[in-house]
1. Here's a check for you: in the range 155-204, which residue that is within 28 Å of residue 132 (Cα to Cα) and among the hydroxyl-bearing types (Ser, Thr, Tyr) is surrounded by the most Cβ atoms within 10 Å (Cβ to Cβ)?
2. Taking only the range 226-278 into account, find how many residues are of a type in the set (D, E, K, R) and within 18 Å of residue 289 (Cα to Cα).
3. Examine the range 248-271 for a residue that is open to solvent by 20 Å² or more (accessible area, probe 1.4 Å) and among the aromatic types (Phe, Trp, Tyr), and state whether such a residue exists.
4. Restricting to the range 207-228, count the residues that are more than 14 Å from residue 185 (Cα to Cα) and either in contact with a Pro (Cβ under 9 Å, 6 or more places away or on another chain) or in a strand (DSSP E or B) (or both).
5. Just to verify a result, which residue in the range 257-311, among those that are acidic (Asp, Glu) and not in a loop (DSSP other than H, G, I, E, B), is nearest to residue 216 (Cα to Cα)?
6. Among the residues that make up the range 355-368, is at least one of them among the small types (Gly, Ala, Ser), open to solvent by 60 Å² or more (accessible area, probe 1.4 Å) and either at pLDDT below 95 or touching a Ser or Thr at 6+ places or on another chain (Cβ under 9 Å) (or both)?
7. When you scan the range 91-119, how many residues do you find that are buried (at least 22 other Cβ atoms within 10 Å of the Cβ) and of a type in the set (D, E, K, R)?
8. Which of the residues spanning the range 208-265 are free of Cβ contacts under 8 Å to residues at least 24 places away in the same chain and touching a helix residue (DSSP H, G or I) at 6+ places or on another chain (Cβ under 8 Å)?
Amino acid sequence: MWTNWARTASCTPARVVHPSSTDEIAAAVLSGGRVRARGSGHSFNDIAVAPETALDLDRWTGIVRADAETGLVTVRSGTPLRVFNADLHRLGLAMPNLGDIDAQTVAGAVSTSTHGTGGKLGVLATAIEALELVLADGSVVTCSRTERPDLFNAARVGLGALGVISTLTLRCVPSFVLQAQESPGRLDAVLEQFDDLCAVEDHVEFHWFTHSDRVILKRNNRITEAARPLSKLRQAWEYEVMENAAFGAVTKVAKTFPRYTRRLNELCGSLISERSYSDYSHNVFVTPRRVRFVETEFSIPRENLMDVIRELQAVAAKLGERDHLIVPCEVRVAQADDIWLSTANGRDTAYISMHQALGMQYKAFFDAYASIAASVGGRPHWGKMHDLTATELRPLYPHFDDFLRVRDEVDPGRTFTNPYLDRVLG
C-alpha cells in the first residue's frame, strides 16, 4: 500500500511501474487503464493517488544537460529537489527560488504550483523554459513559449492531468549566498511593515503562533560575501534538537492534553531568539521537517492579507481548546505570473499556510479558514488539503476553460485522471 507523507491519502495500485527511459514511460501509458505519476508523496491531499497504474519515477532522475552560461538546465522529472539542488550547486548554479521543503520531485513541485517567497519572484514553475511530455497516445512532445504554447501554458502547472512530464528545462541562476536573519516579533508590528519588507527584502516571510501575537520574522537577502554558515553543532542543536525533537515533544503533550495547546503555543513563541548566518541558497531556503503535520493553504490577493489575518485571529479566539493549532501559521508572497493554473496567476499573491500536528483536530479551523479565503477569491494550493470542486474553482482562474480545452485535446479518454482530478477539473 502507498501512503503519502502526511498519511492523509493512501491506495493500493493494481501495478507499480518504475520506468528508466522515455520509451518505458510511454509503454506504461499505453498499457491500458488509468496512469498517474505519483512523485514523492509529499502532497497533503489525494492528487497523487493512483488506483490503477502508478508510475514511480525513482529510476528516472538526474540532470540531462546544463549550460552554465545561459543557466538552462534540463532535468529528468523524477529527480528529488534535494538531489537537484545539490547537483546544481556542483555546477555553480541554483534555482532562483525554493520552498522550505525539498522532498518533492521537480515535476511534482512545479505541477502543483509550489512556491517559495519573494515579492519580486514567482512560483517555481515560472523558471520553466520547456517541457517534454509523454501524452496519452504514447507520443513524446516538447512545448515552450514558441512550440505548442497552449500546452506549455497549461502544463507548467498541469496537476499531472495532461501527460507524464519526462524532462523539464529550467532557467537557473549562478549559485548565490543568502544572508539569513530570523528574529522574534509581534504580529501587529510585522503586518504594519510587511508591504515595505516585501519591497526591499529579496525573500521575506513570517510564522505566526496562531493563539498568540508572537511571530518569527524571516528575511533572506542575496549577498556577495562568502558563506558563513552555522556551525555543525549549532545546526544540530537548533534544527534537530529544538525545532524537531523538542517541538515533537511539545506536540505529543498537546495531543495528550489539548487544553494546554494555547499555552504551549504561546510558550513556543516566547522562546524564539534571533538567528543570523549566511549560506548557499538551498541550505537557507530548506528546513528539516521531522514532525509530521497536515496542511491547508490558500493564495489570496496581497492587498487582502491584513484583513484575512484579522479574521483568523477572531477564529482562533472563538474555537474550543481541542481545535487549537499547535503548529505556527506561515505567511509568504509571490509575484503575479501568466501560468494558467498557477495560484499566482494574474495577481500579486500572499500565501497563508495553516498546519496542525498529525493526530490532532484541525477541521474546524481549516474549514473556517477556507470560508474566509473564499470571501476574497482565495485559491487553494493544488497539493494541500481543500474541498473545492471544479464549479468553485472555475471562477478563480481566468484560463480554467482554456486548460480544460487543452486537456480534451491531449487526453480525451482521461488516461491521467484520478478521483482528485475528477473533483477539481470535472
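The values are calculated or read from the model by the stated rules, or taken from the named source; none is laboratory data. Note that the structure is a prediction, hence the values are computed from the model and not measured. Heads up, the Cβs are rebuilt from the backbone with ideal geometry, glycines too, and the neighbour counts pull from every protein chain shown. Note: accessible area is taken over every heavy atom of the protein model, side chains too, but ligands, DNA and RNA are not part of it. Shrake-Rupley method; radii C 1.70, N 1.55, O 1.52, S 1.80 Å.
1. So in the range 155-204, the residues within 28 Å of residue 132 (Cα to Cα) come out as 155-175.
Restricting the remaining residues to those that are among the hydroxyl-bearing types (Ser, Thr, Tyr) gives 166-167, 169, 175.
Numbers: 166: 25, 167: 22, 169: 18, 175: 16.
That would be 166.
2. Of the residues in the range 226-278, the ones of a type in the set (D, E, K, R) are 228, 232, 234, 238, 240, 243, 252, 255, 259, 262-263, 266, 274-275.
So of that shortlist, the ones also within 18 Å of residue 289 (Cα to Cα) come out as 232, 234, 238, 240, 243, 252.
So the answer is 6.
3. At the first step, the residues of the range 248-271 found to be open to solvent by 20 Å² or more (accessible area, probe 1.4 Å) are 249-250, 252-253, 255-257, 259-260, 262-264, 266-268, 270-271.
Adding the requirement that they be among the aromatic types (Phe, Trp, Tyr) leaves 257, 260.
For the range 248-271, residues open to solvent by 20 Å² or more (accessible area, probe 1.4 Å) and among the aromatic types (Phe, Trp, Tyr): present.
4. Keep residues of the range 207-228 that are more than 14 Å from residue 185 (Cα to Cα), which gives 211, 220-228.
From what's left, either in contact with a Pro (Cβ under 9 Å, 6 or more places away or on another chain) or in a strand (DSSP E or B) (or both): 220-223, 228.
Here the count works out to 5.
5. First pass over the range 257-311, keeping only residues acidic (Asp, Glu): 266, 274, 279, 295, 297, 303, 307, 311.
If we keep only those that are not in a loop (DSSP other than H, G, I, E, B) as well, we get 266, 279, 295, 297, 303, 307, 311.
Details: 266: 12, 279: 19, 295: 19, 297: 19, 303: 21, 307: 20, 311: 20 Å.
Here the answer is 266.
6. So the first thing to find is which residues in the range 355-368 are among the small types (Gly, Ala, Ser), and the list is 357, 359, 364, 368.
When the remaining residues are screened for being open to solvent by 60 Å² or more (accessible area, probe 1.4 Å), the result is 359.
Checking the rest, the ones that are also either at pLDDT below 95 or touching a Ser or Thr at 6+ places or on another chain (Cβ under 9 Å) (or both) come to 359.
Within the range 355-368 (the criterion being among the small types (Gly, Ala, Ser), open to solvent by 60 Å² or more (accessible area, probe 1.4 Å) and either at pLDDT below 95 or touching a Ser or Thr at 6+ places or on another chain (Cβ under 9 Å) (or both)), the answer is yes, since at least one residue qualifies.
7. Residues flagged as buried (at least 22 other Cβ atoms within 10 Å of the Cβ) and of a type in the set (D, E, K, R) within the range 91-119 amount to 1.
8. Filtering the range 208-265 down to residues free of Cβ contacts under 8 Å to residues at least 24 places away in the same chain leaves 231-237, 241-242, 246, 249, 252-253, 256-257, 260, 263.
Across the range 208-265, the qualifying residues are 253, 260.
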